[in-house]
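Following: one structure in structure tokens, then a few remarks.
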Amino acid sequence: METTQALLKQYYGYDEFRPGQEQIIDSLLQGKDTVAIMPTGAGKSVCFQIPALLLPGVTLVISPLISLMKDQVDGLTDQGVPATYINSTLANSEIDRRLSLVRDGRYKLVYIAPERLNAEWFKTAMGDITISMVAVDEAHCVSQWGHDFRPSYRGISSFITGLPQRPVIGAFTATATPEVKQDIVALLSLRRPEVYVTGFDRPNLFFRVLRGEDKPRFVANYVKQNVNQSGIIYVATRKEVDGLWELLNSQGLPAGRYHAGLSDEERAVQQEKFLYDDVRVMVATNAFGMGIDKSNVRYVVHYNMPKNMEGYYQEAGRGGRDGELSECILLFGAQDILLQKYMIEKSVENPDRQNYELSRLQEMIDYCHTPECLRYYILRYFGEQIDDDECGQCGNCCDDYEKIDITVDAQKVLSCVYRLQERFGVTIVADVLKGSNNQRIRQLGLDKLSTYGLFNDRPLADIKILIQRLIATQYLQLTGGHYPVVQLSPRALPVLKGQLQVWQKTFTKRTPAADDGLFEQLRQLRKQIANRENVPPYIIFSDLTLKELSKFCPVDKETLRNIKGVGEVKLQKYGDEFLAVINQYVAEHPPAKAGEEAVTATKPANKTADKTPSHLVTLQLHQQGITMADIAQQRELTATTVQSHLLRCADEGHTIDWDQLIPPEAEQLVLAKIKELGTSLKLLKQALPDEIEYNVIKAVVSKHAQAARKKLKY
Ligand code: ADP
Ligand code: ZN
């Protein structure tokens, strides 16, 4: 345990493991086949790279991402980890040279494309090399249920069987559906694998759904407001990518573009420009980005609703890999539903499979309409148990919404569905409410219904949105299949009887972003070094590291070593140049001022300036000695929300009174389990007596993480 943590510091410059990493590393080091399911950006690579450093011989990393291998290997080399790659971009003579170096024991990690595995010459070459571990990255590619099936992944198992000695196998993916998980275990022939599903939460991602925006205008403005930030705009079709790309460029906003209709060379050039920060924004279809590990993507905008939550979360997850606040915005438009249905019908033949895809689409549609917390919607989708109702870090929790009582409108819709005997789809229900005078309505005699024309003064699109909202909030439900029918769900009855009110939130304000002088200078230095060394800037240092540098202003190598992301090799390589810029900045700005500016810059940009964030209001009351129950009452919040506010404050480094959150007898129990099981809240909750609540467990975990952090001296 000591050693793995020391390696994390030495090579990566990080002090603590992220949730799950340590357990996965230990499992692999104990020789157990291991499946690690972690969301994009959670830090999978470390989980096989650290064991690779400790195990004898080499680790083969199988990855489908040929175009990224060079960057990944450059990144490792830059950190002082001996690594190489072998794929079709190399000449045969170069492959031979690399293989002989592998044989000489010069590398710990060898990245290979799965296509190599079937070649006889490759099998022979691997025969006399000690391979301790095979790490299968993007392991869902082995499954036809996944979204990126690669036939060559099916050859991995027989390749491994052909090796003189069976290595331990690690399989890594962000896809969590049971079908995919089963396929990974079966098709990679894993032996009694340990399966780790780490928390799907990405606390630094801020989620927001906007409906009814003028999309091109919104994107152009947004990109303009964030010109210095890297971002991705995902667009559903190639044609729209081209259109939006032209629009941005014509407005003086240099953008890259990426889709399957461009030549290989063109795509490589575009990707490179983005990775090297030559363009800040990439307009792309979902062909872009599998495995992109550019860490400083500050925003991911979805111009269209994707086809399911898995895809959405994976794409959105490309933001904020450095742990810094990043924004994930989905622009919903009603025609997105039609487009996705059409694409499913066109691309999926098997009827069962089609229904499966349609039901996943419906869950995506619900995400776009829920007025409740977006983060918790996502986490529940991925099977996490959440006892809280507000994360305080998403559009639905934070934006200034006006809460409107829409009970009467809801009653009208529900009774219309009832009159239609729950036999029609969204379009017909909307047409009846609108009072549309079309042939189909007349033929069916629906213009005779008492609910016909109840909303004759509203645009049809608004009526459809209202119906979708009622579906997303489970007053209505849809049957599956191609022609889903709207039905009343159990929650509808009390609304119709006037016993339950229905609320809607309406968005009123948007939030600005912050900037910082020293940070900008450090970023320019990073760009210079990156150009000189011909690697993408994030390989030198992540945005997070630059933020920490500008916040703590280390003036010598000793203090520089304490900064997140500064490992030994980078300290020696780049330390002096960065220290020079920082020292000059500190000299030009009196210390107090430098500190002040830096602190403002690190404040999350998600809050409006004139409003204290909700959790900090809770903190103020807590610090005045008011009990949690009283705070809850005073602020009209649930007890759980107050608890989670305080936990968040603790995570942000504020001092809180732990005794109010943790009953004394619970702490020891939870601590004992943490020693045994690690910090997975889910595992802990399962293992502990029912009376110990989720938030108490969370509190103990946070308290001890904070205590560990405090040992560090900045
Ligand atoms: P993915 O799970 O998507 O493959 P990566 O392995 O690329 O994610 O890691 C995402 C980012 O998180 C990288 O910038 C990596 O350096 C960083 N990271 C990984 N582990 C840690 C850690 N323990 N502490 C801080 N940052 C980490
Ligand atoms: Zn939320």
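The values are calculated or read from the model by the stated rules, or taken from the named source; none is laboratory data. What you see is a predicted model, and the numbers here were worked out from it, not measured in a lab. We place every Cβ from the backbone using ideal geometry, glycine too, and count neighbours over all the protein chains shown. Heavy atoms of the whole protein, side chains included, go into the accessibility calculation; ligands, DNA and RNA do not. Shrake-Rupley method; radii C 1.70, N 1.55, O 1.52, S 1.80 Å.
When peptides 155-164, 538-547, 691-700, 651-660 are sorted by average Cβ neighbour count within 10 Å, with the highest value leading, the order is 538-547, 691-700, 155-164, 651-660.
Treating r as the C-beta distance of residue 251 and residue 668 and R0 as 56 Å, the FRET efficiency rounds to 0.40.
Kindly identify the range 1-159 as rounded, prolate or oblate by the Cα gyration tensor criterion: order the square roots of the eigenvalues as a ≥ b ≥ c, call it rounded if a/c is under 1.5, otherwise compare a/b with b/c, prolate if a/b is larger, else oblate. Oblate, since a/c reaches 1.5 and b/c is not below a/b.
Ranking 438, 539, 579 by how far each Cα lies toward the positive end of the dipole of the chain (charges on Cβ) leaves 438 at the top. Here the spin labels are modelled as points 7 Å beyond Cα on the Cα-Cβ line, and at residue 483 and residue 380 they lie 3.2 nm apart.
Here the extension length gained between residue 189 and residue 580 equals 135.4 nm, from 0.36 nm per residue of separation less the Cα-Cα distance. Close amide-amide hydrogen proximity is noted between residue 424 and 486, each under 5 Å apart and 5 or more residues distant or on a separate chain (H modeled in the peptide plane; Pro and chain starts excluded). With a simple spin-label model that places each label point 7 Å from the Cα along the Cα-to-Cβ direction, the separation between residue 124 and residue 657 comes to 7.6 nm. What is the range 511-562 by shape, rounded, prolate or oblate, if you read a ≥ b ≥ c off the alpha carbon gyration tensor as root eigenvalues and call it rounded for a/c under 1.5, prolate for a/b larger than b/c, and oblate otherwise? Verdict is oblate for the range 511-562. Residue-wise HN-Hα couplings along the range 666-678, as the Karplus relation 6.51 cos²θ - 1.76 cosθ + 1.60 with θ = phi - 60° gives them from phi, are 6, 4, 5, 4, 5, 4, 4, 5, 4, 4, 7, 10, x Hz; Gly and Pro carry x. Protein heavy-atom surface of the range 206-353, 1.4 angstrom probe: 47% of the accessible area is carbon and sulfur, with nucleic acids and ligands not counted. When peptides 82-92, 26-36 are sorted by average Cβ neighbour count within 10 Å, with the highest value leading, the order is 26-36, 82-92. For the pair residue 225 and residue 339, a Förster radius of 25 Å applied to the C-beta separation gives a FRET efficiency near 0.35, rounded to the nearest 0.05. Summed over the residues of the chain and divided among them, the accessible surface reaches 44 Å² per residue at a probe radius of 1.4 Å. Ordering 46, 133, 89 by Cα displacement along the dipole of the range 1-133 toward the positive end leaves 89 in first place; charges were set at the Cβ atoms of Lys, Arg (+1) and Asp, Glu (-1). Within the accessible area of the range 55-165, the carbon and sulfur atoms contribute 49%, probe 1.4 Å, all protein chains present. Summed over qualifying helices (DSSP H, 4 residues or more, each -39500 (n - 2.57)) and divided by its residue number, the chain shows a 222 nm mean residue ellipticity of -14500 deg cm²/dmol. Rg over Rh for the chain works out to 0.97, both radii taken from alpha-carbon positions and Rh defined as the Kirkwood radius. Per-residue extension of 0.36 nm, minus the Cα-Cα distance of residue 493 and residue 100, leaves a gain of 134.1 nm for this segment.
Taking amide H as placed 1.01 Å from N in the peptide plane, the amide H of residue 256 sits under 5 Å from that of 281, 282, 283, each at least 5 places away or on another chain. Each part gets one Cα centre, and for the range 438-497 versus the range 41-76 those centres are 52 Å apart. Among the protein heavy atoms, those of residue 147 account for about 70 Å² of accessible surface (1.4 Å probe, every chain in place).
When only alpha carbons are used to place a centre, the range 307-333 and the range 98-115 end up 34 Å from one another.
With the cut-off at 1.5 for a/c, could you classify the range 340-452 from its C-alpha gyration tensor as rounded, prolate or oblate? Because a/c hits 1.5 or more and a/b fails to exceed b/c, the range 340-452 counts as oblate.
If you model the range 127-173 as an ellipsoid using its alpha carbon gyration tensor, with each semi-axis the square root of five times an eigenvalue, the axes come out at 22, 11, 6 Å, biggest first.
Considering the range 233-339 at the alpha-carbon level, its Rg and Dmax are found to be 13.2, 37 Å.
Here's how it looks for residue 302: its modeled amide H is under 5 Å from those of 234, 329, 330, 331, which are all 5 or more places away or on a different chain.
Whole-Hz Karplus values for the range 570-575 come out as 5, 4, 5, 6, 10, x Hz, taken residue by residue from phi with 6.51 cos²θ - 1.76 cosθ + 1.60 and θ = phi - 60°; glycine and proline positions read x.
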